[in-house]
1. Of all residues in the range 145-193, which are closer than 16 Å to residue 89 by Cα and of a type in the set (Gly, Ala, Ser)?
2. So which of 96, 84, 107, 101 is part of a helix (DSSP H, G or I), of a type in the set (A, V, I, L, M) and closer than 20 Å to residue 282 by Cα?
3. Find the residue count for the range 116-144, including only residues that are under 18 Å from residue 232 (Cβ atoms) and in contact with a Ser or Thr (Cβ under 8 Å, 6 or more places away or on another chain).
4. Can you find even one residue in the range 116-129 that is assigned by TED's automatic domain parsing to the domain that holds residue 228, of a type outside the set (Lys, Arg) and modelled with pLDDT of 90 or more?
5. Residues that are in contact with an Asp or Glu (Cβ under 8 Å, 6 or more places away or on another chain) and within 17 Å of residue 173 (Cα to Cα): does the range 135-143 have at least one?
6. Take the residues of the range 39-50 that are of a type outside the set (Phe, Trp, Tyr) and closer than 17 Å to residue 286 by Cβ: which is surrounded by the most Cβ atoms within 10 Å (Cβ to Cβ)?
7. Given the conditions (1) at pLDDT 85 or above; (2) in a loop (DSSP other than H, G, I, E, B), and given that residue 264 satisfies all but one, which numbered condition is not satisfied?
8. Within the range 201-242, how many residues turn out to be polar (S, T, N, Q) and not in a helix (DSSP H, G or I)?
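The values are calculated or read from the model by the stated rules, or taken from the named source; none is laboratory data. Note that the coordinates shown come from a computational prediction; the quantities given were computed from them, not determined experimentally. Reconstructed Cβ throughout: ideal geometry from the backbone, glycine too, with neighbour counts over all protein chains shown.
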Amino acid sequence: MQLNITKDMLNKKNLKKIGKKVFEKIVENIFLLFACISVICVALIIFYIFTKGSPAIFKIGLGHFLFGTKWAPTQGIYGILPMIVGSIYGTIGAVIVGTTIGLFTAIFMAEISPPWMVKIFRPAIQLLAGIPSVIYGFFGLLVIVPIIHKFYGGGGNSLLAVIIILSIMILPTLISISEISLRSVPKEYKEGSLALGATHIQTIFKVMIPAAKSGILTSIVLAAGRAMGETMAVILVAGNSPIMPTSLISRVRTLTANVAFEMSYASGLHREALFATGVVLFIFIMILNIVLNFIIKKAGASVK
């Protein structure tokens with residue numbers, strides 16, 4: 001009798017174990033399915049863009065398309081160099097300004113400010129991340145553009161307006177990730193530096209930031225991608241002139257703005273050229289991510 005009870009208990013335990021393994025396997029397969037869906041979506045987008053955009057590059061000529069300085073679809077001229085330069089200048093300027101402001105804000109929140117002040121700053125920064133890009137564009141059009149026009153003339157729509165609005169838009173990403181990275185640095189690093197006689201500010205710049213530089217560089221990568229891919233806000237403040245920018249006050253058109261501005265009425269080779277512009281933008285962002293991820297890995301290896 002006792003042997004039968006023991007066997008029944010063992011059978012129940014085995015059934016429970018088998019049931020758990022089956023359930024875990026099902027859950028793992030569900031996760032795999034969703035991961036595959038994500039990869040397939042990316043692959044389909046890439047395939048569609050390259051399929052639609054590559055023929056135009058071959059028809060126009062790679063050199064004429066990438067290095068041509070005139071964009072005049074009505075005349076059959078498709079040169080996107082002014083848009084490439086405008087996108088690069090806008091992204092670099094926004095990253096420089098945004099990183100400076102964002103990093104110092106993150107340092108203040110992580111190391112200097114009292115807890116009650118952090119409770120005010122953090123929700124405000126998170127709110128910045130939730131504001132639609134078109135609202136940023138309206139703010140730039142109604143506030144930043146008139147100020148630039150007042151001091152420098154030229155209408156105010158310019159590369160400078162693009163840099164300012166993009167630097168504001170990337171602040172939440174820079175501040176949030178940089179703050180988390182600084183707070184993740186082991187306390188022993190800070191305590192050891194202070195114990196050796198370093199001041200609080202010296203500890204921040206010589207110990208905390210180098211130890212957190214992998215996370216800080218990650219925030220810069222994400223911010224640069226956001227700045228490079230922004231469309232609506234840029235359209236409203238850039239001036240949308242497909243000419244080579246010669247100064248901060250020059251009107252510009254970015255790659256994303258070029259696609260959004262003309263896609264609604266484009267047809268034929270013109271439409272294909274806009275898809276080709278998307279191909280170039282995709283390649284730029286991919287190269288940017290590869291280069292900066294390489295830098296991040298080197299930074300992480302040097303910390304170790």
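1. Within the range 145-193, 158, 161, 167 qualify.
2. 84
3. 2
4. Checked against the condition, which is being assigned by TED's automatic domain parsing to the domain that holds residue 228, of a type outside the set (Lys, Arg) and modelled with pLDDT of 90 or more, the range 116-129 yields no hits at all.
5. Residues of the range 135-143 that are in contact with an Asp or Glu (Cβ under 8 Å, 6 or more places away or on another chain), as a first pass: none.
The answer is no, given that none of the residues of the range 135-143 is in contact with an Asp or Glu (Cβ under 8 Å, 6 or more places away or on another chain) and within 17 Å of residue 173 (Cα to Cα).
6. Result: 49.
7. Answer for residue 264: the failing condition is (1).
8. Summing the residues that are polar (S, T, N, Q) and not in a helix (DSSP H, G or I) in the range 201-242 gives 3.
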